[in-house]
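The values are calculated or read from the model by the stated rules, or taken from the named source; none is laboratory data. A quick note: this is a predicted structure, and the numbers were derived from the prediction, not measured. So basically every Cβ, Gly included, is an ideal-geometry build from the backbone, and we count neighbours across all protein chains shown.
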Amino acid sequence: ALSRHLKQMPHFSPNPHVQTLMGIKDANLGPERAEALVAAFGTTWDILRCDADIIATVEGIGLQTAKKLLNAVGRKV
């Protein structure tokens, strides 16, 4: 009976690495930046083990954003 009130939603399953990056508190990464990072580096681990200046080479990611991301996961830069 409830099914007649529910709207049919398309299947949505974003990349788990994008979701992880977007979920890092104080990093403030939106979907576009997170997707750009994953496209460039592949995995969350590969991104977070890079230095800030390497992360900043990705289109749309500046040095301040890269430092903020690394500081948010406890890396001092």
Checklist entry - Is at least one residue of the stretch 68-75 within 12 Å of the chain's Cα centre (by Cα), on the phi < 0 side of the Ramachandran plot and assigned to a loop (DSSP other than H, G, I, E, B)? => result no
Checklist entry - Pairs under 7 Å by beta carbon, first residue touching a residue at least 24 places away in the same chain (Cβ under 8 Å) in the stretch 45-67, partner assigned to a helix (DSSP H, G or I) and aromatic (Phe, Trp, Tyr), six or more apart or different chains? => result 47/41
Item to check | Residue check, residue 24 at pLDDT below 95, surrounded by 15 or more Cβ atoms within 10 Å (Cβ to Cβ), assigned to a loop (DSSP other than H, G, I, E, B) and at negative phi | outcome: yes
Item to check | Residue match in the stretch 35-45 (condition: modelled with pLDDT of 80 or more, in a helix (DSSP H, G or I), under 10 Å from the mean Cα position of the chain (by Cα) and surrounded by fewer than 16 Cβ atoms within 10 Å (Cβ to Cβ)) | outcome: no
